[in-house]
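The next block holds one structure in the form of structure tokens; read it before the comments.
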Amino acid sequence: MGSPKLINRHQISISTNNKQQLFEQILLWGESSWWPKKSLMKFLRIGDGPIVVGTLYRQKVMLPFAPTWCSLVTNINQPVSVCRRLLAGFLAGQEEIKIVESDNFFLVVYSLEYSIEKIFYRWLWKIIFERLHNYNIELILKNLKDYLER
């Protein structure tokens, strides 16, 4: 019996009239110049070339003894969303960054659908990593907003 699927969701409104530029920046998630310098999450793209379905990343939490894993781009729905599946880590699932249009702004929605199989990692997630994850995602979304609204 597997652990239940959980959802971790964050969103931010961004005032811009350039949806294509917004999409290009979410496609560069983890690699762009606006990525927070204080973010504990580091992305390393494995391989060269453009970001396409099949692009692989190595992700690392920048703390001693913190987890690392890979993520694989599984869907690019231009200019709406990017999906990555989490591989070989303590979380199983996928993350999606999606653009939702509104009258005067765009809503960027970050959604992590995940499960944690091992009880030890569930415990670590609840007492340490979930709070750090939430802080980092909020910081990342704020930096994206600041970058695009300048």
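The values are calculated or read from the model by the stated rules, or taken from the named source; none is laboratory data. None of the values given here were measured: they were computed from a predicted structure. Cβ: placed from backbone, ideal geometry, glycine included. Neighbour counts: every protein chain shown.
Points worth noting:
- Check on I76, modelled with pLDDT of 95 or more and closer than 21 Å to D146 by Cα: no
- Selection count where residues are basic (K, R) and either at pLDDT below 95 or farther than 17 Å from V109 by Cα (or both), scope region 125-150: 3
- In region 38-49, the residues that are touching a residue at least 40 places away in the same chain (Cβ under 8 Å) reach residues that are surrounded by 10 or more Cβ atoms within 10 Å (Cβ to Cβ) and assigned to a strand (DSSP E or B) with C-beta atoms within less than 7 angstrom, at least six apart or across chains, in these pairs: L40/V61; M41/Q59; M41/V61.
- Total residues in region 83-104, condition within 16 Å of I12 (Cβ to Cβ), crowded, with 16+ Cβ neighbours inside 10 Å and either in contact (Cβ under 8 Å) with a residue 60 or more places away in the chain or among the small types (G, A, S) (or both): 2
- Under the condition of being more than 10 Å from the chain's Cα centre (by Cα), assigned to a strand (DSSP E or B) and not hydrophobic (A, V, I, L, M, F, W, C), the residues counted in region 92-111 number 3.
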